[in-house]
Amino acid sequence: MCGIVGFTGRREASPVLLEGLRRLEYRGYDSAGLVTSTGNELHLRKKAGRLAELRKHVAAHPAPGCHGISHTRWATHGGATDRNAHPHTSTAGDIALVHNGVIENYAALKQQLQAAGTQFRSDTDTEVLCHLVAHYYQGDLIGAVQKALALVKGTYGIAVMAKGEPGLIVGARLGSPLVVGIGTDGTYLASDANALAGFADKVVYLSDRQICALTETEWEVRDHDLAPASVSVQDIGAFLGDGDSDKGDFPHYMLKEIYEQPDALANAMRGRLDSADSTAHFGGLNLGAQQLRQIDRVIMTACGTSYHAALVGEYLFEELARVPVEVEYASEFRYRNPPIDRNTVVLALTQSGETADTLAALRESKRMGHTTLAICNAVGSSIAREADGGVYLHAGPEIGVASTKAFTSQVCVLTMLALYLGRTRHLSSIQGQHVIDDLRALPDAVRKALECHDRVKEVAARYAGATNVLYLGRQYLYPLALEGALKLKEISYIHAEGYPAAEMKHGPIALVDENTPSVFLVPRGNVFDKVMSNMQEIKARGGPVIAVASAGDRDVVSVADDVIAVPDVPEYLQPVVAAVPLQLLAYEIALSRGCDVDKPRNLAKSVTVE
Ligand code: AGP
């Protein structure tokens, strides 16, 4: 996902812009750039590659001025090159623009502009927008931006400057987040509040189709028809997440976030478990007990790791709340026309709260008049604000592209939600209290599971050269098999697939040979014997077996080539505990392969393009 930072104020802009971009690096990018202005001159600096390349370039070629915009680009149209990096400028060089999103009708617009004589210098969709603004610009930048955006189909978060209006930044959003920051030394614009920590005291989140105009002392937000918009000014502290977003003593954000899981789980449960009534409580569901009682179906929709958490949620809701659940990929759900009746609730799961497919699925559900809920980590994000109600994870900023603590926190919140729903139905207070006791013990169980790290390093060393890996589990651990496979492939670039363990017999076992290790999730439980048989089937075909098993399980040791022990917890919480070795295994293998663990190739932390 691209990142945007703008500043107009009473100090040099480029250090502010570069620091803001540094805080947005976690979103994933492949080039970066900035433009500042002095008087009526624009100073454009942009480079492909990491932010360090831009820093070096700016150090060698300073960009003076107290007014500027900047960008980290995650390529959608056109490769990661200097000329495709943002900001883009108009032919006359009097307009500069940065953009996060996709202009879906850029080809048609580009043809029209080229027919009128415009020369293009990049392969991007964004450049079209820059020339459109220039086309309409006659000294009124906000008016020119409004006219240009009226022609655009797609999504955008933009920041624009004009040589003729020094000190002015115009921003606008549709689908890609944008926040105004109000500070003592100027006014800011950014893709998310984390870029403004320490700079701005107050923030104003733009809503879709709003346009803002910032100068060093003033700011205003207008609707798409340029009428003044009503917005709320809030303290930035509410949006900065609960934990600090530095690595601390850890070499990578991902490892830090894996080790933060016991605390993240405690934060997710804090103030929400109610032993008096043997249930859970949430402040932001905005659904009364009567409405909850009437829910007769839940559709969970998400992407990636959040989708895997939702699959665990399906088992949890059916077992604890006896509520039927369907889990849908958001990118598919938004185009389907499922027969959703009156008492169906659509529950979106998302760490970032900005995933375009999930946001679109939520909006489609709202358009159809359904109650929508969100389980989200990023406070104040688009999905969190647009859902009818929801639950924050309180996991703190998750910077590593590979999601870890968000997954286990999502499963924890889903367990509490299932408890809450179950206790409005058939779950007895004794059963409810057992769930509460199990949840309270979870942070310590995960802390104990982290003790497997040294063992995981040994296993990783043995299998880092694999080219194909299978992950297999049953029941609550089938979704974790999918998640373990995703972790490995997205940071080590090894192909991996997750399957229900029994499904091996129906085709995938043809893949098994001595070079194809299988990771079995086989802690003690009601399907233990069945999974043991599946392990034997793999062994009989010469396939190496890595088992995540209950500590001290001698049966597993007698079959598996490598065993990683986890503490015993009730089956419905095994996905949380058994996630730890899988996260660590992916991390250690990726590290041994020299991969960029926090910023894996081709990926972004939050995918705001469809
Ligand atoms: C997970 O490790 C990936 N980074 C990715 O699949 C991610 O889970 C997905 O893009 C959904 O993101 P969200 O939870 O922020 O919506």
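The values are calculated or read from the model by the stated rules, or taken from the named source; none is laboratory data. Just so it is clear, the structure is predicted and the values come from calculations on it, not from any experiment. Note that each Cβ is placed from the backbone with ideal geometry, even for glycine, and that neighbours are counted across all protein chains shown.
Got a number for residues in the stretch 474-493 being within 14 Å of the ligand (Cβ to nearest atom) and touching a Pro at 6+ places or on another chain (Cβ under 6 Å)?
3
All but one of (1) more than 35 Å from the chain's Cα centre (by Cα); (2) part of a helix (DSSP H, G or I) hold for THR118; which doesn't?
Condition (2) is where THR118 drops out.
Looking at (1) more than 19 Å from THR467 (Cα to Cα); (2) touching a Leu at 6+ places or on another chain (Cβ under 7 Å); (3) touching a residue at least 40 places away in the same chain (Cβ under 8 Å), can you tell me which one PHE520 breaks?
(1)
Would you mind stating whether ASN534 is farther than 19 Å from LYS405 by Cβ and within 16 Å of the ligand (Cβ to nearest atom)?
Criteria not met by ASN534.
Being buried (at least 24 other Cβ atoms within 10 Å of the Cβ) and either under 23 Å from LEU265 (Cβ atoms) or free of Cβ contacts under 8 Å to residues at least 12 places away in the same chain (or both) narrows it down to one of ALA481, ALA501, so name that one.
None of the other options fit; the residue is ALA481.
Name every residue in the stretch 176-197 that is small (Gly, Ala, Ser), assigned to a loop (DSSP other than H, G, I, E, B) and buried (at least 24 other Cβ atoms within 10 Å of the Cβ), in order of residue number.
SER176, SER191
Could you check the stretch 525-605 for helices (runs of 4 or more DSSP H) lying wholly inside it with 3 or more residues that are among the small types (Gly, Ala, Ser)?
So the answer is 574-592.
Has the stretch 455-473 got any residue that is at pLDDT 95 or above and within 16 Å of the ligand (Cβ to nearest atom)?
Within the stretch 455-473, one or more residues are at pLDDT 95 or above and within 16 Å of the ligand (Cβ to nearest atom).
Kindly check whether there is at least one residue in the stretch 569-578 that is farther than 25 Å from HIS434 by Cα, away from the ligand (no atom under 16 Å from the Cβ) and buried (at least 20 other Cβ atoms within 10 Å of the Cβ).
no
Does ALA418 fit the bill of being aliphatic (A, V, I, L, M), out of contact with any strand residue (DSSP E or B) (no Cβ under 7 Å at 6 or more places or on another chain) and either assigned to a helix (DSSP H, G or I) or within 16 Å of the ligand (Cβ to nearest atom) (or both)?
Criteria met by ALA418.
Taking helices (runs of 4 or more DSSP H) that do not extend beyond the stretch 428-508, which have at least 3 residues that are under 26 Å from GLY543 (Cα atoms) and aliphatic (A, V, I, L, M)?
Those helices (runs of 4 or more DSSP H) span 453-463, 478-492.
Go through the residues of the stretch 228-240 one by one and say whether even a single one is assigned to a loop (DSSP other than H, G, I, E, B), under 18 Å from the mean Cα position of the chain (by Cα), surrounded by 21 or more Cβ atoms within 10 Å (Cβ to Cβ) and touching a residue at least 40 places away in the same chain (Cβ under 8 Å).
Scanning the stretch 228-240, I find at least one residue that is assigned to a loop (DSSP other than H, G, I, E, B), under 18 Å from the mean Cα position of the chain (by Cα), surrounded by 21 or more Cβ atoms within 10 Å (Cβ to Cβ) and touching a residue at least 40 places away in the same chain (Cβ under 8 Å), so the answer is yes.
Can you tell me how many residues in the stretch 308-340 are over 15 Å from the mean Cα position of the chain (by Cα) and within 28 Å of SER428 (Cα to Cα)?
So the answer is 17.
Of the conditions (1) touching a helix residue (DSSP H, G or I) at 6+ places or on another chain (Cβ under 7 Å); (2) surrounded by fewer than 19 Cβ atoms within 10 Å (Cβ to Cβ); (3) not hydroxyl-bearing (Ser, Thr, Tyr), ALA547 clears all except one; give me its number.
Just one mismatch for ALA547, condition (2).
Which of the residues spanning the stretch 268-281 are buried (at least 19 other Cβ atoms within 10 Å of the Cβ) and in a loop (DSSP other than H, G, I, E, B)?
Answer for the stretch 268-281, where residues must be buried (at least 19 other Cβ atoms within 10 Å of the Cβ) and in a loop (DSSP other than H, G, I, E, B): ARG272, SER278.
Filter the stretch 95-140 for residues that are of a type in the set (Asp, Glu) and under 17 Å from GLY171 (Cα atoms); which is surrounded by the most Cβ atoms within 10 Å (Cβ to Cβ)?
Here the answer is GLU127.
Looking at LEU141, LEU168 in this structure, which one is at negative phi, touching a residue at least 12 places away in the same chain (Cβ under 8 Å) and touching an Asp or Glu at 6+ places or on another chain (Cβ under 7 Å)?
After applying the criteria, what remains is LEU141.
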